[in-house]
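The values are calculated or read from the model by the stated rules, or taken from the named source; none is laboratory data. These figures come from a predicted structure and were not determined experimentally. A quick note on method: Cβ atoms are made from the backbone with ideal geometry, for glycine too, and the neighbour counts reach across all protein chains shown. The protein model used for the area step is the full one, side chains on, heavy atoms only, and it has no ligands, DNA or RNA in it. Shrake-Rupley method; radii C 1.70, N 1.55, O 1.52, S 1.80 Å.
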Amino acid sequence: MNKKSPNHHFIYTDSILIETELDPDQLHSKETVFTIGNGYLGTRGTFEEGYIRALPATFIHGVYDDVPIVYTELANCPDWLPLALSFNGHRFRCDYGEILGYERQLDLRQGLLSRSVRWRSPDGKTIDIYFERFASLADQHILGLRCQITPVDFDGTIEIQASINGYPENQGFNHWEAIDQGKTEQGIWLHSRTRGSRIDIGMAARMVISGVKTALEAHTAPGYPTLNATFVATPQQTVTVEKIVTVFTSRDTLQPVAAAQEKLAYLPDYSALLEASTQVWDKVWQYSDILIEGDSKAAFAVRYNLFQLLIAAPRHDEKVSIPAKTLSGFGYHGHVFWDTEIFILPFFTFTQPALARNLLTYRYHTLSGARRKAWHYGYKGAMYAWESAVTGDEVTPRWSLPSDFYGEDIRIWCRDHEIHISSDISYAVWYYWQATADDEWMQKFGVEIILDTAIFWGSRVEFNFEENRYEIRGVIGADEYHEFVHNNTFTNRMVQWHLEKAIIVDDWLRQSFPERAKELEDKLQLTPETKSHWEDIAAKLWIPHHISTGLIEQFEGFFQLQDVNLNDYEPRTRSMQAILGIEETNKLQVLKQPDVLMLLYLMRESADFPYNQKSLEANWDYYAPRTDITYGSSLGPAIHAILASDLGKSAEAYERFIQAAMVDLEDRRGNTAEGIHGANAGGIWQAVIFGFAGIQLTQSQPTANPHLPQGWTRLKFKLHWRGEWHDFDLRPKQITQKKSDRGFLLFSPSSFQTSSNIRGVIFDLDGVLTDTAEYHYQAWQKLADEEGIEFNRQANEALRGISRRASLMLIIKNKKYSEAEIQEMLERKNRYYVEMISNITPQDVLPGAMALLDELRANDIKIAIGSASKNVQMVVERLGIADKVDAIADGYSTPHPKPAPDIFLCAADKLGLPPKQCVVIEDAAAGVEAALAAGMWAIGLGPSERVGAAHIVLPSLAGVRWPELQDQLRESDPQKQ
C-alpha cells in the first residue's frame, strides 16, 4: 500500500519509508526521521559521506556530560559513520557534482536504513552508489554499514576511507577529550573520555572489500583513525565495502577499548550480523505490531512511531530511561520527563513488559535525587525532578536564553512548580503492577516509589482552616500556559488518587511481604500517624468541581480569566503563547495542552472520580475549543483523539489522531529537527488501542469495544495482561472466510455480488497496460549470461506475475549463493531493467488500454495498479497515465508476492473499496489466483491454459468497452475459483 506524501518526497508502504528526492531545506528534519537504533544507542540519519550543515549524532543511553546552563546533556558520541568515496580524485558528496537518481529507504521490519544514488562527478563520470546500515538488535554493541559502488560508464581510480570521527559536537560544544587510538590486525580503534563525567568510550572498526583486489592501509590522524583502500574499477563492476563497528563505554565494562577490540575480532560477516538482528526484530514485531487495513497512511504512521519507541527503549539497562526526544536529536538535551511514564510506558507495559520494567526501575534508582530535591525545597520524602538525567537531581534549566541580542532571559518555573510528576510516576507504577501482576518488582521497587512520594505530598499540602480543606498552592498543572496557580484540579486529584493508592499498597505489602514492609517502615520513618494524615488529606483535598453540571474548573479562578476565541487567530503557524506572550497568555482561558481533559483520561480506565460521561461531555465542550491543539503541545492531539472517540466524534477523533501520527513524518510543528516527539509516539499507540479499539481492562482480561475510524476494515494487535497474551482482530463486521489449499483466505461465493456493484478496477502492469515483459526478459537474460546460468524464453514464461526475488530463485535453481550475492544480483537485474525502460513513452501503452482507462474515469470507476514490480511509479509516469490512476500497490507494498492476495488487497485498501467491489485485470496465472483469493472479480488476458481460472478470459484489451465487460461479468459464474 503506497501512500505518497506531497510535501516531503515520501512514499509510505506497509513497513518501508521511501524518500524519492533530496531536499536540502529539510535536511535536519529528515536526519531525525531516518534515525536508527537498538535501545542502547541511536544514530541520526545523516549521510555517510557527510553534507554541509549536517548534524550527525550518535547518542548512547546514560552517557551524559556536564554543560553550562542545562547542567548535563547526552553527549554526542564519536561518529561511526564516516565513509568517504573518491572517483578519479573527485570526492563524492550529494552537495557536489550532479545527482541523477536518489532514493532513501527505512525498513522498519529490519531496522535497516538504505540509500541509492546515481551520481555524476564534475568530470562527467557516472557512478551508482548504494549504502545501508543497521544497529544490531541482537547485540547492542554492534553496528554495520555496507556500501556497493558500480562505475556506470568509466574506468577509473576509486579511493575509500572508512573512519571514526572522534570530534563530535553538541551543536558547537565538544564533550570529548582524546585518550588514545591505534590500529590492530582487524582494523582501527579509538579511546575517548567525556570531560566532566569521565565516561570512557572504546570503539573499534574493520573494513572488508569484495569484488576487487586491494590492500588496506591504516592512518591514525589524531582523533580520526582511518582505513584506506585504493583500486581501479571498470564499467559495471560492483565493489562492495563492509564496515563493522563495535562500541562499549565504561558504563558497560571497566575496559571498553579492550571489549570493543575483542568483540570485533570474533564477529562473522556483515550478512550474518544483519540476519541475526533481523531475527530479533521479527520477534519484537510479533508482539508489538499493529495491523491496520483500509488506511495505508495510518498503518505506516503507527508502525513508524512504534519503531521509534522500540529503538529508544533500553533493553539491558535499568538505570536509564527514554528522553523526551528519544535518542534522535539534541532537543531537551536528553532529559527525561513525565512523557515516559504517562505517554510512552503503556505501549511497553502491554507489549514488551520487560522493557517497561526497566523504564520504571530507572525511577527507583533516581529516588536519591528526588529526596535531595525535596530536602532542598524544605519538604520530606521524594520529590521527583521535572527534568531528570543520571542521578535524578533536577536538571531543568533555570533560564531560557534568547537568541535575540536584546531579548530578555526567561525564567523556567517548571523545576519549581510543575510537581505533579511525582504522582504521574506513581500512577505508572500502579498500572504496571495491575497489568503485569509483577509482585516481585512491586515489593522491591514500586512500593517504595509510591510511599516516599506520598510522604512528600504529606509535607507539601497546606491546610486552609477557614475552608476546612487541604490545598496545593503555587503550582503548574499539565497546562503550562498558566504558572503559579492554586489548586490545579489535575494536580490535586492526582495527589488524592496517589494517597489513596499509597494506603492500599502499604496494606498489601504488610500482608504479603512483612519483612520488606518493616524495612521500609524504618527507612522511610512511616508511622500510623503518617497513614492517618494521608487519609485526612485524601478526604479533604479540594477538587474544584461543579456537581450539578459536571464542569471542572482547571484551577482556582480560571473561570474568571478573560475568554478567548482561538478561531480569531487563524490561520497561524505559531503557538498562542508565541503570539500573545507569556504574561498575556497567563491571563486568558487558553490552554497549551489538555489539563482537565488529561485528568479525565487518566481516571477513565477505572472510571474513578471525576470521570463519567456527563463530566466528559461538559468538559470537552468547554475546554477542547480553548486548547491550542495545533501548536501548543505535541502531547495533546492523541489524548483529544481518544476522548473524541469516546464521545462519538469520529471525524474529530481521526483528525487529531492523524495530526499526532504525522507530526514527525511531515514535520507538522516545524521542530522535528530537534528529535522525535517521543511522548506523542506513545500517545498514538494509546489512541489506537484505548481509543479506536476501545480496550477496557477487567480483572480477568482486556476486552474491546471498538469504534474504528471510517474506512478501517481491520485492526489487529496483541496485548500482554497478567502473564498471558491476548490477540485482537477487530473488523467493522464479520466476513465469512474459508482456507484455500494454498493457505490463502478465499472469500466464500456469497461475498460476490452482481457486477453492478463494481466501483474499482485494478490493472496488472506488465502484459496488461504495457508490455515491459520483453525488457524483464532481456535483463534476466543478461544477468544469467553473466552468471553462466542456462536461461531462455520458455523459462521466462514461469516468471510471469511473481516477484523479482522469486524470479531469481527460479533462475538460479539449486545453485548456491550468499545472501549478499543474491542482493547484488537483484540490484544488478533491476539496474539493467531500469536502463532498458528509460525510453518508454505513451506510444507503448497497449492497444485498448488508454480508451478503457478514459471510459472508466468517465463512469466514476476508481483505478489502481497492482504489480509486483518496484518500478511501477516510473513506468506509469513515462506512459503518461499517472493522472488516470488513483492508487498504486507495488513490490514495496507487501513482502508477500502473488499468488498471495496482498497486493490486490493493498490496492483496494488504497482505493477505499471493499474487495468485492473490485475487478482485477491480469495476464498471469498467479495474478488470477491472487485476485480470487482476495475475493475480487478476475479478468484474464491471454490463453485459457494460463488464465482460465478467471471469470472472463479475453485475448487483450483491444476494443474492450466497460458496459460489455459488466455484461460478461454478470453472466459469468460467481462461484468460479
Selection within the stretch 576-624 - surrounded by 16 or more Cβ atoms within 10 Å (Cβ to Cβ), assigned to a loop (DSSP other than H, G, I, E, B) and at pLDDT 95 or above = Q589, V590, K592, Q593, P594, D595
query = Identify, please: which residue in the stretch 486-506 is in contact with a Lys or Arg (Cβ under 9 Å, 6 or more places away or on another chain) and open to solvent by 10 Å² or more (accessible area, probe 1.4 Å) and is, among those, farthest from D595 (Cα to Cα)?
reply = I503
ask   = Among the residues of the stretch 6-22, is any polar (S, T, N, Q), more than 27 Å from K910 (Cβ to Cβ) and either open to solvent by 10 Å² or more (accessible area, probe 1.4 Å) or touching a residue at least 24 places away in the same chain (Cβ under 8 Å) (or both)?
value = no
task = Give me a count of the residues in the stretch 251-268 that are assigned to a helix (DSSP H, G or I) and either of a type in the set (S, T, Y) or crowded, with 17+ Cβ neighbours inside 10 Å (or both).
result = 7
Matching strands (runs of 3 or more DSSP E) fully within the stretch 149-208 where at least 1 residues are over 21 Å from V239 (Cβ atoms) and open to solvent by 20 Å² or more (accessible area, probe 1.4 Å) = 176-183, 188-194
key: Criterion: surrounded by 20 or more Cβ atoms within 10 Å (Cβ to Cβ) and touching a Lys or Arg at 6+ places or on another chain (Cβ under 9 Å) - qualifying residue of D890, D844   = D890
task = Could you figure out which of (1) farther than 21 Å from I129 by Cβ; (2) of a type outside the set (A, V, I, L, M); (3) in contact with a strand residue (DSSP E or B) (Cβ under 8 Å, 6 or more places away or on another chain); (4) open to solvent by 10 Å² or more (accessible area, probe 1.4 Å) isn't true of N76?
result = (4)
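Has the stretch 269-276 got at least one residue that is surrounded by fewer than 21 Cβ atoms within 10 Å (Cβ to Cβ) and aromatic (F, W, Y)? If you could, list the steps in order and put the result at the bottom.
In the first step, residues of the stretch 269-276 are kept if they are surrounded by fewer than 21 Cβ atoms within 10 Å (Cβ to Cβ); the result is 269, 271-273, 275-276.
Within this subset, residues satisfying the condition of being aromatic (F, W, Y) are none.
Taking every residue of the stretch 269-276 in turn, none turns out to be surrounded by fewer than 21 Cβ atoms within 10 Å (Cβ to Cβ) and aromatic (F, W, Y).
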ask   = Out of curiosity, is A437 open to solvent by 10 Å² or more (accessible area, probe 1.4 Å) and not basic (K, R)?
value = yes
message = Which residue is most open to solvent (accessible area, probe 1.4 Å), if the candidates are limited to the stretch 209-221 and must be in contact with a strand residue (DSSP E or B) (Cβ under 7 Å, 6 or more places away or on another chain) and part of a strand (DSSP E or B)?
response = E217
ask   = For the stretch 116-128, does any single residue satisfy the condition of being more than 23 Å from the chain's Cα centre (by Cα) and of a type in the set (S, T, Y)?
value = yes
task = Give the residues of the stretch 655-673 that are in contact (Cβ under 8 Å) with a residue 60 or more places away in the chain and not in a helix (DSSP H, G or I), sorted by residue number.
result = M662, D664, L665, E666, D667, G670, N671
key: Filtered residues of the stretch 767-790 (kept if without any contact (Cβ under 8 Å) to a residue 60 or more places away in the chain and open to solvent by less than 20 Å² (accessible area, probe 1.4 Å))   = A779, W780, L783, A784
message = On the basis of being touching a residue at least 60 places away in the same chain (Cβ under 8 Å), open to solvent by less than 20 Å² (accessible area, probe 1.4 Å) and of a type in the set (V, I, T), does I822 make the cut?
response = no
ask   = Somewhere in the stretch 554-568, is a residue out of contact with any strand residue (DSSP E or B) (no Cβ under 9 Å at 6 or more places or on another chain), crowded, with 17+ Cβ neighbours inside 10 Å and in contact (Cβ under 8 Å) with a residue 60 or more places away in the chain?
value = no
message = Take the conditions among the β-branched types (V, I, T) and surrounded by fewer than 21 Cβ atoms within 10 Å (Cβ to Cβ) and apply them to V928. Does it pass?
response = no
note = Checked I639, I658, I676 against criteria (touching a Gly at 6+ places or on another chain (Cβ under 9 Å) and either open to solvent by 10 Å² or more (accessible area, probe 1.4 Å) or closer than 25 Å to E553 by Cβ (or both)); the one match is I639
inquiry  = So, in the stretch 307-321, how many residues would count as being open to solvent by less than 20 Å² (accessible area, probe 1.4 Å) and out of contact with any strand residue (DSSP E or B) (no Cβ under 7 Å at 6 or more places or on another chain)?
reply    = 7
key: Of the criteria (1) buried (at least 19 other Cβ atoms within 10 Å of the Cβ); (2) closer than 25 Å to V596 by Cα, which one W413 fails   = (1)
message = For G392, only one of the following conditions fails: (1) open to solvent by less than 70 Å² (accessible area, probe 1.4 Å); (2) at negative phi; (3) in a loop (DSSP other than H, G, I, E, B); (4) touching a Gly at 6+ places or on another chain (Cβ under 7 Å). What is its number?
response = (2)
request  = Could you grab me the full set of residues in the stretch 48-85 that are free of Cβ contacts under 8 Å to residues at least 60 places away in the same chain and either part of a strand (DSSP E or B) or hydrophobic (A, V, I, L, M, F, W, C) (or both)?
outcome  = I52, A54
task = Kindly provide the set of residues from the stretch 86-112 that are small (G, A, S) and either assigned to a strand (DSSP E or B) or farther than 17 Å from T43 by Cα (or both), ordered by number.
result = S86, G89, G97, G101
ask   = In this structure, is H365 open to solvent by 20 Å² or more (accessible area, probe 1.4 Å) and at positive phi?
value = no
inquiry  = Out of the residues in the stretch 862-886 meeting the condition of being under 20 Å from A900 (Cα atoms) and among the aliphatic types (A, V, I, L, M), tell me which one is surrounded by the most Cβ atoms within 10 Å (Cβ to Cβ).
reply    = A868
task = Scan (1) more than 27 Å from the chain's Cα centre (by Cα); (2) open to solvent by less than 20 Å² (accessible area, probe 1.4 Å) for the single condition R831 breaks and write down its number.
result = (2)
request  = For the stretch 642-654, enumerate the residues that are farther than 26 Å from G678 by Cβ and either open to solvent by less than 10 Å² (accessible area, probe 1.4 Å) or touching a residue at least 60 places away in the same chain (Cβ under 8 Å) (or both).
outcome  = S650
Every residue from the stretch 625-634 that is surrounded by fewer than 24 Cβ atoms within 10 Å (Cβ to Cβ), under 25 Å from A693 (Cα atoms) and not β-branched (V, I, T) = S633
request  = Take the stretch 113-148 and flag every residue that is open to solvent by 10 Å² or more (accessible area, probe 1.4 Å) and not in a strand (DSSP E or B).
outcome  = P122, D123, G124, K125, L137, A138, D139, Q140, H141
